[in-house]
Amino acid sequence: MQDAGTDMKALVRDAQALLSAAAALTGEKAEELRGRGMDMLDRALGKAGSYQDQAIEKGKELAHTADVYVKDNPWRTVVAAAGVGLLVGMLISRQQQ
């Protein structure tokens, strides 16, 4: 997913550069650059939507897996949650001193 963020940033940066260059030009060349910049932004938006869909799907899978684990191991889950709560409580009380 980190590569996806890098790809998105590069696409947007390139599109911004093209649109900035097009702003300084007039005529046919400017229109061509604006068109290319808009195409790049459209691709970036398409990729963003795709990544969002993938993230939502992965989140649903993780939630389902967690739900199944909790139902199969209720006491382990209670003990783990209590342990985490105790640890967080100790850290908070230490910071307040």
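The values are calculated or read from the model by the stated rules, or taken from the named source; none is laboratory data. All figures in this text were calculated on a predicted structure; none of them were measured in a lab. Backbone-built Cβ (ideal geometry, glycine too); neighbour counts: all protein chains shown.
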- request: Could you pull out the residue among LEU86, LEU62 that is at pLDDT 80 or above, part of a helix (DSSP H, G or I), over 29 Å from the mean Cα position of the chain (by Cα) and farther than 18 Å from LEU11 by Cβ?
  value: LEU86
query: For the range 31-48, does any single residue satisfy the condition of being in contact (Cβ under 8 Å) with a residue 40 or more places away in the chain and in a helix (DSSP H, G or I)?
result: yes
message: Could you go through the range 11-25 and let me know if any residue there is at pLDDT below 80, surrounded by 10 or more Cβ atoms within 10 Å (Cβ to Cβ) and not in a helix (DSSP H, G or I).
response: yes
field: Condition broken by ASP3, with the remaining ones in (1) more than 23 Å from the chain's Cα centre (by Cα); (2) modelled with pLDDT under 75 satisfied
entry: (1)
